[in-house]
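Notes to accompany the following structure.
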Amino acid sequence: TGGMMKFAVKVSSCANCRITISGQGEETVLCRHCKPLETEILNQKLQALNELEANFNRLWTQCQRCQGNLHQEVLCAARDCPIFYMRKKVQKDLSSAQAVVSRFDVD
């Protein structure tokens with residue numbers, strides 16, 4: 001909301017090729033070149049999301065085992081643990097993948 005933000009404009013980009021989408025409506029997920037491949041692209045995004053979810057669940061379970069309790073939330077902040085950083089990276093990638101899939105209008 002500062003002076004520089006007056007010049008910033010939020011634009012949509014294609015979920016496949018990342019080209020800027022302009023003039024096609026805010027609800028458009030894919031550019032006109034990728035639109036014919038919508039089902040394949042959505043399938044790829046869902047498959048990537050499923051892989052990230054499985055990876056996150058595996059890392060989460062490993063952290064729960066390390067903690068010694070499989071029924072409570074992991075309260076780990078061990079800065080020297082490689083699993084902690086992998087889990088946090090996968091969690092971030094998972095949230096961005098969920099955001100991309102949620103842009104598709106799937107009922």
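Test each condition in (1) closer than 17 Å to Ser102 by Cα; (2) in a loop (DSSP other than H, G, I, E, B); (3) open to solvent by 70 Å² or more (accessible area, probe 1.4 Å); (4) not aliphatic (A, V, I, L, M) for Glu51 and report the one that comes out false.
With respect to (1) closer than 17 Å to Ser102 by Cα; (2) in a loop (DSSP other than H, G, I, E, B); (3) open to solvent by 70 Å² or more (accessible area, probe 1.4 Å); (4) not aliphatic (A, V, I, L, M), Glu51 is out only on (2).
If Glu73 satisfies every condition in (1) open to solvent by 60 Å² or more (accessible area, probe 1.4 Å); (2) among the acidic types (Asp, Glu); (3) within 21 Å of Asn16 (Cα to Cα) but one, which is the exception?
Just one mismatch for Glu73, condition (3).
Out of the residues in the range 1-31 that are outside any loop (DSSP other than H, G, I, E, B) and surrounded by 10 or more Cβ atoms within 10 Å (Cβ to Cβ), which is modelled with the highest pLDDT?
This residue is Ser13.
Would you check if there is a residue in the range 78-85 being touching a Phe, Trp or Tyr at 6+ places or on another chain (Cβ under 9 Å), loosely packed, with under 14 Cβ neighbours inside 10 Å and not charged (D, E, K, R)?
Yes, that holds for at least one residue.
Limited to the range 32-48, what total is found for residues that are in a helix (DSSP H, G or I) and open to solvent by 90 Å² or more (accessible area, probe 1.4 Å)?
So the answer is 7.
Before we move on, is Thr61 open to solvent by less than 90 Å² (accessible area, probe 1.4 Å) and assigned to a helix (DSSP H, G or I)? Give the derivation first.
Values: open to solvent by less than 90 Å² (accessible area, probe 1.4 Å): yes; assigned to a helix (DSSP H, G or I): yes.
In short, yes.
Those residues that are of a type in the set (Gly, Ala, Ser), out of contact with any helix residue (DSSP H, G or I) (no Cβ under 8 Å at 6 or more places or on another chain) and modelled with pLDDT of 85 or more, I need them from the range 49-107; list them, please.
Answer for the range 49-107, where residues must be of a type in the set (Gly, Ala, Ser), out of contact with any helix residue (DSSP H, G or I) (no Cβ under 8 Å at 6 or more places or on another chain) and modelled with pLDDT of 85 or more: Ala54, Ser95, Ser96, Ala99, Ser102.
The values are calculated or read from the model by the stated rules, or taken from the named source; none is laboratory data. Note that this is a predicted model, so its numbers are computed, not measured. In this analysis, Cβ positions are derived from the backbone assuming ideal geometry, glycine residues included, and neighbour counts consider all displayed protein chains. We work out accessible area using only protein heavy atoms, side chains counted, and drop any ligands, DNA or RNA first. Shrake-Rupley method; radii C 1.70, N 1.55, O 1.52, S 1.80 Å.
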